[in-house]
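The values are calculated or read from the model by the stated rules, or taken from the named source; none is laboratory data. In this text the structure is predicted, and so the values were computed from the model without any measurement. So basically every Cβ, Gly included, is an ideal-geometry build from the backbone, and we count neighbours across all protein chains shown. Just the protein is used for accessible areas: all its heavy atoms, side chains included, with ligands, DNA and RNA removed. Shrake-Rupley method; radii C 1.70, N 1.55, O 1.52, S 1.80 Å.
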Amino acid sequence: MRRIAARDNAHYKALLKLSQSSRERRKSGHVLLDGMHLIEAYEQNYGSIEEVLVSETGARRPENARYLEGRASLAVTLLADTLFDALAVVDTPSGIMAIVVPPQPVRGLDHDGDTVLLDGIQDPGNLGSILRSAAAAGFRQVLLSEDCAQGWSPKTLRAAMGAHFQLDIHEHSDLVGFLALYRGQSVATVLDGSSSLYAASLRQPLAWVFGSEGRGVRPAVATAADQRVHIPMLGSSESLNVAAAAAVCLFETLRRRQVACP
């Protein structure tokens, strides 16, 4: 087991870059998984990991200790608590992380299957929440536009709670190009959508399009969709948080399908 107690350690400096820089994650081809839930989900779906990072306090936690005891051949780095905490994305760190290669989509773009298209989602917490809702509602393909937050950032991973490992995530995607070739029905959410969500046709297969927190779906992307819908609201709020809006639409889709196929 390697032990690191100094911030000027070369390996620790590389870890800090990996936790803070999307450019470094792309360059190295690695990401950090924070917490036992994500680590176990990765192992169950993709096999072994490259390295485990554990804090001095985290190493004494029963769950983490049991995990390490069962993997004697695994590369483990023990970090001083202050060093580990600087890598973590939450106020109360889990005490254990892993370095892994993010899985690539298992197949190319599917123009016939249920899909979620995300146009410029900036907040990694929102992105992770949408991924979690997509997986829970049965959607398996997600496309992220060029200007979306990074799909495999620590904060996105944390918010998605393992949903990444149930999805094919395509980053840097051409959403308009995909919609032009999509053989199902596509629906964009816009504030001035001509149809209410609850009156819209949601036939299978379906591609939902959700836009950024500020501008919404770009006009070129909205125009490329077959339908444009809004979510009816009775209160004084003008709009919903994009993660909440996505959850409403995705689970309305699931509800319709369950009603149609009891």
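Brief remarks follow.
- Number of the exception - residue 134 against (1) touching a helix residue (DSSP H, G or I) at 6+ places or on another chain (Cβ under 7 Å); (2) over 15 Å from residue 206 (Cα atoms); (3) open to solvent by less than 40 Å² (accessible area, probe 1.4 Å): (2)
- Being at pLDDT 95 or above, open to solvent by 20 Å² or more (accessible area, probe 1.4 Å) and not β-branched (Val, Ile, Thr) is a property that residue 11 has.
- Condition met for residue 203 (assigned to a loop (DSSP other than H, G, I, E, B) and basic (Lys, Arg)): yes
- Check on residue 93, surrounded by fewer than 18 Cβ atoms within 10 Å (Cβ to Cβ) and not in a helix (DSSP H, G or I): no
- Selection from the stretch 158-188 of residues that are in contact with a His (Cβ under 9 Å, 6 or more places away or on another chain) and modelled with pLDDT under 95: 161, 162
- Checking residue 148 against (1) farther than 21 Å from residue 187 by Cα; (2) open to solvent by less than 30 Å² (accessible area, probe 1.4 Å); (3) part of a loop (DSSP other than H, G, I, E, B); (4) free of Cβ contacts under 8 Å to residues at least 40 places away in the same chain, the condition it does not meet: (1)
- For the stretch 112-120, the count of residues that are β-branched (Val, Ile, Thr), part of a loop (DSSP other than H, G, I, E, B) and either out of contact with any Gly (no Cβ under 6 Å at 6 or more places or on another chain) or modelled with pLDDT under 95 (or both) is zero.
- Taking the stretch 19-85 and the helices (runs of 4 or more DSSP H) fully enclosed by it, the elements with 2 or more residues that are crowded, with 18+ Cβ neighbours inside 10 Å and under 19 Å from the mean Cα position of the chain (by Cα) are at 36-46.
- Any hit, the stretch 102-111, residues being more than 29 Å from residue 167 (Cα to Cα), β-branched (Val, Ile, Thr) and open to solvent by 20 Å² or more (accessible area, probe 1.4 Å): no
- Condition check for residue 115: among the hydroxyl-bearing types (Ser, Thr, Tyr), open to solvent by less than 20 Å² (accessible area, probe 1.4 Å) and farther than 16 Å from residue 213 by Cβ: yes
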